[in-house]
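Structure first, then comments.
The values are calculated or read from the model by the stated rules, or taken from the named source; none is laboratory data. In this text, all values refer to a predicted model and were calculated from it rather than measured experimentally. Here the Cβ is made from the backbone with ideal geometry for all residues, glycine too, and neighbour counts use every protein chain on show.
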Amino acid sequence: MIRRATNNNRLEPHEHTLDLLILTTHDIMAPSKMIQCRFFAQGSCRNGVSCSFVHERPTRSPEDPSDYRAKLPCKFFAQALCQNGGNCKFSHDEIISSPPAPSDSRAEVPCRFLLRPGGCQNGSCPYLHTIGGIKVDVSSNQNLEVDEEKEQERDDYFIRNLSGASIYFNEFGHVIKVSLPTDFSLASITGLAPGTTPAATVEILRGLGFDLDVNCIRIPGYAASSETKATVKVEDPLFAKKLSIRLKEQKSTLSATPIPIDMKGTNCRKVYISWHKASRSAWVNFGNGDIANRVAQKFNEGRYKCLGQFVRSSSATRSGSRSGSRHNPVAWTIILSDVPNHAALKDIEGAIIYPQDKPRHIELGAVSYPASEAEVSVEVRSHLEQHGPLENFYLRPTFEGKRVKAAAWFRDEDDARSACSLNNKPLSTLRDGKLTVTLVRSIKLKIFATVYYASKSRIDEQCKMWKEQHLVFHVYQDALHQYTTLKVEGNNAKDLANARRTLEEILDGVVLKDGENIVWDTALGSNGTAFMKLKSIAKELRVVVIRDRSMRQLRFYGPPEKVQQVVHQITDMLKEESSSSYEIDLESHQFSWAIHGGFKSVEHELGKNIAIFNVVSRKITINGTHQQYETALAIMDGKQAIHIRSISDDPSSTESDCPICFCEADTPIKTSCKHTYCLECFEECCKSAASTSKDEFQIKCQGDEGTCSTVFTLREVKDHVSSSVFETILKSTFEEYIQRHPQTFRYCPTPDCGYIYRCSTASNSKPPAYMCPNCFEPLCTSCHSRHGDYTCAEYKDIASGGYEALAKLKKELNIKDCPKCTTPMEKTEGCNHMTCAGCKAHICWVCMAVFDAGAACYAHMNKAHGGIGLGLERFMD
């Protein structure tokens, strides 16, 4: 080996020349230094500069121009695994001189979702999209999670989780099914041939021993899909699991996955996965210990970074007892760890910016593992799928940081929980490096966009605390920017629950109060001048004030410091607009008179916005003087003398008048039957439909004086009202349904629980065990009481006179209850001194007197009863 000393004191290899050979005493005394290190040639030497063997790239013979391999880079050398050294037929020089820039290796791995139902839904998918060698274009560039939110919003089948049950509504809002986890099963079947119909699926299931109706099966259409997926709903809580097990036992090409009912407002089907990126170590040598320690400190403080990544450094150490000699300046070494696996020597040299910090020599260690991020992700996904099928798997493209991160969505929450067992498990691909797997819980709230923007400053303040708690906050906007969906994710259930409560508190707004009094005036009940001025105040102050006529209050959204300013301006405005208010409740014949022209007569006499007619509540409100109120009553009392005419025939009536309040519509909406409503009136009409519907629930149009035959569908209602109002409508419909079916469903009797259960038939046998999934209280679903191991008949007997029989039986068996704690005690022999097994009280069996000690009890028996009682029979009463 020939080395030469350069002006900068670095040691560099000298090839194909004959220069003066300079040997140090250390070189002469170390004959092993003439021998090539075979471990270094393989990229796996762990001794660094302290190695006794040569760490030089051996010179290679001139390349054979006829050997095409000489121009191809050696992939094993790139992974520090080449064992051929200088005899390798593939090129090592190109990689040494110009290491390739980091690229996304996932582009070489085929996308596993491309051939699944619906294809790949990730427009920015980094994996290879080819079928039969032809590239498949994915046009969508939307984020995977945004697409998921939009898909869920678009595919609303009007199924809601209310009171611990899954409630199915038809297109008009009728409750058609109440499904509890105890009586329902839902399965997703994949692997069906393209074009498979529901009828064909029924035959397949019949061959497996399941006799189902074709209406139980739904097959969504996937025009671009290579297979068909079917969803099967069955009135059998064990069907989905039975089907899944049977298909596995028969080794079928089909697979069935039970689909759970999400009973809470949280979702726990997502997991985060991460693992350490491939890295290597580097030995950096200096001729001065102070310089070495200074560079180590700068790396540890982040002032020096390699390829933008934080690198850890050890303290400087001397290379050996002889290495401090003036003949060998390479005396101090620091070891850098977490160096990016694609880093080259020049990258480490470039990281050390200042010239006075430059090292003498750098050596790179082997890569921690050779697999690419994409290859590791394939194995990770394979391990996850052993716990259950996935809906999505997303590998995040990151070139910064020390860890590779991915997210997976399971179809079943239980599978996601099971997959957490992979946490801290070694992975062979990582050379026993460990995975981190964390269950992610999430909550979602959908609100008006205006409410979100008005509350954004308060939400942003909370986001800072959520970030410290490792909670992730997402905001999704709909296409029309009318609604905003807020989503919070995290792995700590308690922190997530607190975040939900905080969000709900913010989004509930602030009820405006002037001192202890709620800010409200009857003038705000109509769309008159007071309401218009209210809207102007809110617009001027850049806040949102929502009128709630049913609760007779105003809700404020905006900066807290503006609350009092808003209150003062609104109260001042209401003082100017103040007037007396009188309400007239209409009987059936009066309502018919009013809706057929009578109200218009009152309005014509008193003036617009003084008389207000609410069709839903069947009231006429007079905002004016007592004399005006008397005038309205006089018109109603003399209604026979008034010419009754249709409101539509009134020349003052216009198409823009709301059929609820008979005023010009505020924030107007037009229905499919061409009637125009105030948005707020329409919402109140829909919310009251459950209580006003005589027979079956329906939201009926009130246009054409209440004669319009249109019944609004849920889809039309959802297009016009806020999401909170829409959910309130569905909830009120459900509650009305439960009230009408007391023999089928009951509410849990635990205060504030709110969950329902299905009633069972009374029997003389012990009822099946049932525990409320919300409050965890045991309950009998037959007699709706808590009676433990007793049958319903036994409990009924005890509760309705059976106590007498019980007392008689206890007397026959010589059983008495402790007078202190009521624990039953049986006396079979011995004296009359008894000790309660429950409270340890000392008791006289004759008169049941209680004592703190046995001596006092014996003294009492001798004095009061003439002895301690050796004759048992005479003391039995």
*asked:* For Y476, only one of the following conditions fails: (1) outside any helix (DSSP H, G or I); (2) farther than 23 Å from K270 by Cβ; (3) of a type outside the set (A, V, I, L, M). What is its number?
replied: (2)
*Every residue from region 720-754 that is out of contact with any strand residue (DSSP E or B) (no Cβ under 9 Å at 6 or more places or on another chain), more than 14 Å from E683 (Cα to Cα) and among the hydroxyl-bearing types (S, T, Y)*: T750
*Output the residues belonging to region 341-363 that are in a loop (DSSP other than H, G, I, E, B) and in contact (Cβ under 8 Å) with a residue 12 or more places away in the chain.*
N341, H342, A343, A344, I352, I353, P359, R360
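Let's see how each residue does on (1) part of a helix (DSSP H, G or I); (2) of a type outside the set (D, E); (3) modelled with pLDDT of 80 or more:
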residue: P659; (1), (2), (3): no, yes, yes
residue: S672; (1), (2), (3): no, yes, yes
residue: E680; (1), (2), (3): yes, no, yes
residue: E684; (1), (2), (3): yes, no, yes
residue: A690; (1), (2), (3): yes, yes, no
residue: K694; (1), (2), (3): no, yes, no
*Can you tell me which residue within region 613-628, out of those that are at pLDDT 75 or above and aliphatic (A, V, I, L, M), is nearest to E705 (Cα to Cα)?*
I620
*With a cut-off of at least 2 residues that are at pLDDT 80 or above and among the polar types (S, T, N, Q), name the helices (runs of 4 or more DSSP H) lying wholly within region 504-612.*
563-577
*Within region 445-467, can one find any residue that is loosely packed, with under 14 Cβ neighbours inside 10 Å, free of Cβ contacts under 8 Å to residues at least 60 places away in the same chain and touching a His at 6+ places or on another chain (Cβ under 9 Å)?*
no
*Quick one: how many residues across region 187-198 are among the hydrophobic types (A, V, I, L, M, F, W, C) and surrounded by fewer than 18 Cβ atoms within 10 Å (Cβ to Cβ)?*
1
